[in-house]
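See structure below.
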Amino acid sequence: MNFKKSILFILILSMLSLAIVGCSKPSEEIIAPEENIEEKLNELKIVASTSWTALMAEAAGGNNVTIIAPVELRHPPEYDFKPSDIQKIQEADWIIMAGYEPFMNKILESNDISEEKIIKVTTTNTYDNLVEQTRLIAEKLDTVDLQQEWEAEFTNAFDMIMGKAADNKVENTRVLVHTHMAAFTRALGYDVIEVFGAEELSPAKMGELANLKPDLIIDNYHNPQGMTIAELSGAKRVELRNFPGPEHGSLIELFLDNASKLDIN
């Protein structure tokens, strides 16, 4: 009787072992390797026309962005490209540009570059536009989560700037502003009495603008035109940047720097 019970017990254990083995899966199926997003981004070749479009790409989540026009240039769209730039663009997975860069248009026209990898953006330094454009880039790069992290940081920085602008009562400051700085200036709340440039100003036009007696002249670092107006009117003149310089590691740093130049800090 005891022998029979032992045999039965052994049979039950054997059946249970087979059942467990049959239900289990190979270890490689249980633990699927997760894709390393950072590694994927590092492998992605992103080429940007200027420092402006490059920092927009980085704000959207792009990594290791190659810039064609040197950051040190005062007016990057005037850059004269080199043969090595053509190769960079040919090998790029994505190309970020605004469309007004002559050197980029020449390269694209003379080489077989797929339009599907070109992302054209609107370069205007306002909060709403930069949020919209970085979202657009992020959708292409599949980096929406990274863009949202940047957007939250950008929102905090911009809210701080706007709060200090309100404290400074900038709405009471009468401003003459260069056309390429007008959107940013209006967004801060200044009283813009006239916009000048980007066409060459005649002596008569400069005299006319000076006679408006502005409190402040906000000029364009990349193409300054307000020096004579400032001399004639006696108003303070400040040069702001659209294209980030070597000292700007992000669009947020550019915004903070421009605000600082306006004594909004």
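Values in this text are rule-based calculations from the coordinates and carry no lab data. A quick note: this is a predicted structure, and the numbers were derived from the prediction, not measured. Neighbour counts are summed over all protein chains in view; Cβ atoms, including those assigned to glycine, are modelled from backbone coordinates with ideal geometry.
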Can you list the residues of region 43-65 with backbone N under 15 Å from a point 7 Å past the Cα of GLU149, pointing along Cα to Cβ? 58-64
Return the FRET efficiency for the residue pair ASP159, GLU247: r is the Cβ-Cβ distance, R0 is 35 Å, and the value is rounded to the nearest 0.05. 0.90
Fully extended contour minus Cα-Cα distance, from THR179 to LYS117, at 0.36 nm per residue: 19.2 nm
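Give the peptides 115-122, 178-185, 228-235 in descending order of average Cβ contacts within 10 Å, highest first.
178-185, 228-235, 115-122
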Beta carbons within 10 angstrom, averaged per residue: use that to sort the peptides 250-257, 130-137, highest first. 130-137, 250-257
Stretch ASP80-THR66 to full length: gain in nm at 0.36 nm per residue minus the Cα-Cα span? 3.4 nm
Could you tell me how far the Cα centroid of region 218-249 sits from the Cα centroid of region 103-125, in Å? 29 Å
Past the 28 Å Cα-Cα mark, which pairs from LYS120/LYS236; LYS164/LYS213; LYS117/LYS261? LYS120/LYS236; LYS117/LYS261
Other residues with Cβ under 11 Å from the Cβ of SER260 give, with Lys and Arg +1 and Asp and Glu -1, a net charge of -1
Can you give the FRET efficiency for GLU200 and LYS261, using 1/(1 + (r/R0)^6), R0 = 25 Å, r = Cβ-Cβ distance, to the nearest 0.05? 0.50
How would you order 75-88, 52-65 from highest to lowest mean count of nearby Cβ atoms within 10 Å? 52-65, 75-88
